[in-house]
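Shown next, in structure tokens, is the structure this report addresses.
The values are calculated or read from the model by the stated rules, or taken from the named source; none is laboratory data. Computed from a predicted structure; not experimentally measured. In this analysis, Cβ positions are derived from the backbone assuming ideal geometry, glycine residues included, and neighbour counts consider all displayed protein chains.
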There are 2 protein chains.
Amino acid sequence: MTATKRLGKQTVKLQYPPSIIATAAIVGKKEGEGPLCSYFDQILDDVLWGEKTWEKAESKILRETIIKAVTKAQKTLTDIQYIFAGDLLNQCSGSNFGVRELEIPFFGLYGACSTMAEGLSLAAMTVDGGFADYVIAATSSHFCSAEKQFRFPLEYGGQRPLTAQWTVTGSGAVVLAAEGSGPYVTHITTGKIVDLGIKDANNMGAAMAPSAADTIYTHFEDTGFTPDTYDLIITGDLAQVGKDITEELLQKRGCDISKQFTDCGLKIFDNKKQDTHAGGSGCGCSASVLAGYLYKELTQGHLNKILFLSTGALMSPTTSQQGESIPGIAHAVTIQNTLE
Amino acid sequence: MTATKRLGKQTVKLQYPPSIIATAAIVGKKEGEGPLCSYFDQILDDVLWGEKTWEKAESKILRETIIKAVTKAQKTLTDIQYIFAGDLLNQCSGSNFGVRELEIPFFGLYGACSTMAEGLSLAAMTVDGGFADYVIAATSSHFCSAEKQFRFPLEYGGQRPLTAQWTVTGSGAVVLAAEGSGPYVTHITTGKIVDLGIKDANNMGAAMAPSAADTIYTHFEDTGFTPDTYDLIITGDLAQVGKDITEELLQKRGCDISKQFTDCGLKIFDNKKQDTHAGGSGCGCSASVLAGYLYKELTQGHLNKILFLSTGALMSPTTSQQGESIPGIAHAVTIQNTLE
């Protein structure tokens, strides 16, 4: 069949918008001390959660978050027909070992911190396309495993520049269903890679901002929506530096999102009090903010229609060592309480 | 809408089967000296292909393979609405840097060596679901970048046990379209992770075999097909050790696939003459065999209906060092010349 659901260059409008029937978010202690503490299902005292390594702890956080979301949806694991998941660790071992025992058909993703919106996009398309009734999108990150892999050993105590972000320890999982009373996923704008040459892995916000601006701008072009269509436009983890640049880039193209715009990396921590510098980051940042804060605000009617983006910095330590710049990508998903 | 396309536990039957309208495969010198040499679009003399590092070379191979496939499809890059790609490198940098300049909406995947069938599955669902007219699935691997990352530096000259496999240097890309004259993607069986406790990264065939057997068995259960439905059942890179185990595991469950069964890792090299031990592996193995050999055999009518699987070993060096076993996954796709 021809692609009847396309809108413009990069967007699809779902024909049978799937409903988010449940979410779960489990986060670490520091995230539990932040402004969104009351929105999370569980706050861990111990970053290892009884495991021997940070990597095993991350897998456990993802697994337990998925199980909690399924339970809250009043379903069993065998009801879930696909799971979309990914994370930041080499070979996505957080997810691979996290979902290993669940026995659910699994599509592994890598989109760095864009993974939550990537998984949500694909999960929604899978339900809308008639391939499944129940699908999960989930992702995780862990401050300790990420610092170890991407930057310096924690024990080294390296000083962090003010542009640096703080990787969220946490996971968010979303259960999508063919039938439900909303909130619904209605539009999906899939990002392309944008790389303007930023090379500083301690300034990922700047590296991701051009892709966020590109996806937001394209979303409005494709759909005919304006910033006022939305109660909230919220990016994944641009944090302060990246948010300011995104806003400015869009302003230059005649698009003012300043009234609606915020960022999950700014919501999850009190950056001044918690010493998290530019703000939160990591796959678990936008995932836990979506599954915790945004979902509750939507279902309680405080928000009605949001544009949710996750933003990814697609470098690896190897590519940084080889002098490469940092490619960015951002995927956007419209989530709304009612169907027009 | 309810999931009308589901068959059994893990399979979907596509309602508007997309057509593979073009493929391309570029491989390294060793692969070009193997039995499938005449099927590839390009054989490289130099594993660096003019680049400074193996990683950059891998990205170039992927990018050029995609461009070649698009050209063979008589399309331009702007006609392609999504690209699904992934690879073995940390943070999937082979793909991220490979597709960076292409400006195509991008879904990054991580399925280790299962990535080709994973991408083909999602690409086909995306077209069947009415989300796109033209989609690409592609993946790559590189012997040198993979050895460096997963095993030993090449310069170390470590001895390889006979169960070890040889990572293919190469890439395969497939262009799927809503309209076309076949071969068509008609059924998709998505694998779940199976881990029976194998810990030896030099025996990935044994680690992946249980997942391959599980997906093949489930595919027959879900569809009602039998081994005789197919001219060929071909796995991604189980190679000799894994192929034998898979056959035996299925035999024990009363399913004899011995007449139809082979493996891309056994086809791509002459293991005795080329000293590749158990056979080929890597994301590029099943990708280049599909895009080179299998596609031509289908379009020339030597094959009419095949079950194509890619198999992934989802470990990372970190998880192996932490004593974890190797989770396996296998995804299956039915490709056939005519629609019933």
Only one of B:Ala173, B:Ala164, B:Ala207 is within 14 Å of chain A (Cβ to nearest Cβ) and of a type in the set (A, V, I, L, M). Can you tell me which? B:Ala207
Scanning the range A:148-183 residue by residue, those of a type in the set (Ser, Thr, Tyr) and buried (at least 23 other Cβ atoms within 10 Å of the Cβ) turn out to be A:Thr167, A:Thr169, A:Ser171
Which members of the range B:114-134 meet the condition of being farther than 15 Å from A:Phe107 by Cβ, more than 7 Å from chain A (Cβ to nearest Cβ) and of a type outside the set (Phe, Trp, Tyr)? B:Val127
Filter the range A:260-283 for residues that are in contact (Cβ under 8 Å) with a residue 60 or more places away in the chain and among the hydroxyl-bearing types (Ser, Thr, Tyr); which is surrounded by the fewest Cβ atoms within 10 Å (Cβ to Cβ)? A:Thr276
With respect to A:Lys148, determine if the residue is in the same structural domain as A:Asn271 (by TED's automatic domain parsing) and touching a residue at least 60 places away in the same chain (Cβ under 8 Å). no
With criteria (1) within 14 Å of the chain's Cα centre (by Cα); (2) under 18 Å from B:Met125 (Cβ atoms); (3) within 14 Å of another protein chain (Cβ to nearest Cβ), B:Tyr184 comes up short on (1)
Within the range A:218-253, the residues that are assigned to a loop (DSSP other than H, G, I, E, B) and closer than 20 Å to A:Leu196 by Cα are A:Gly236, A:Asp237, A:Leu238, A:Arg253
Looking at (1) surrounded by fewer than 24 Cβ atoms within 10 Å (Cβ to Cβ); (2) free of Cβ contacts under 8 Å to residues at least 24 places away in the same chain; (3) within 20 Å of B:Gln336 (Cα to Cα); (4) not basic (Lys, Arg), find the lone condition where B:Gly129 falls short. (1)
Being among the charged types (D, E, K, R), out of contact with any Asp or Glu (no Cβ under 9 Å at 6 or more places or on another chain), buried (at least 16 other Cβ atoms within 10 Å of the Cβ) and touching a residue at least 24 places away in the same chain (Cβ under 8 Å) narrows it down to one of B:Lys296, B:Lys243, B:Lys305, so name that one. B:Lys296
Looking at A:Glu101, is it at pLDDT 95 or above, within 14 Å of another protein chain (Cβ to nearest Cβ) and surrounded by fewer than 24 Cβ atoms within 10 Å (Cβ to Cβ)? yes
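Conditions (1) out of contact with any strand residue (DSSP E or B) (no Cβ under 8 Å at 6 or more places or on another chain); (2) part of a strand (DSSP E or B); (3) within 14 Å of chain B (Cβ to nearest Cβ); (4) polar (S, T, N, Q), marked per residue:
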| position | (1), (2), (3), (4) |
| --- | --- |
| A:Thr2 | yes, no, yes, yes |
| A:Lys9 | yes, no, yes, no |
| A:Val12 | no, yes, yes, no |
| A:Tyr16 | yes, no, yes, no |
| A:Ile21 | no, yes, no, no |
| A:Ala25 | no, yes, no, no |
| A:Ser38 | yes, no, no, yes |
| A:Val47 | yes, no, no, no |
| A:Gly50 | yes, no, no, no |
If B:Asp200 satisfies every condition in (1) more than 13 Å from chain A (Cβ to nearest Cβ); (2) within 17 Å of B:Ile67 (Cα to Cα); (3) of a type in the set (Asp, Glu) but one, which is the exception? (2)
Restricted to the range B:3-18, and to residues that are among the hydrophobic types (A, V, I, L, M, F, W, C) and at pLDDT 95 or above, which residue is farthest from B:Ala178 (Cα to Cα)? B:Leu7
Being polar (S, T, N, Q) and in contact with an Asp or Glu (Cβ under 6 Å, 6 or more places away or on another chain) is the requirement here; does A:Ser95 meet it? yes
Can you confirm whether the range B:273-284 contains a residue that is on the phi < 0 side of the Ramachandran plot and among the charged types (D, E, K, R)? yes
Whichever residue in the range A:184-215 is part of a helix (DSSP H, G or I) and touching a helix residue (DSSP H, G or I) at 6+ places or on another chain (Cβ under 6 Å) and, among such residues, is surrounded by the most Cβ atoms within 10 Å (Cβ to Cβ): A:Met208
Among residues belonging to the range B:317-340 that are without any contact (Cβ under 8 Å) to a residue 12 or more places away in the chain and farther than 15 Å from B:Thr229 by Cα, point out the one that is farthest from the other protein chains (Cβ to nearest Cβ). B:Gln321
On the basis of being touching a Gly at 6+ places or on another chain (Cβ under 8 Å) and at positive phi, does A:Ala209 make the cut? no
Would the range A:54-63 turn up any residue that is buried (at least 24 other Cβ atoms within 10 Å of the Cβ) and in a strand (DSSP E or B)? no
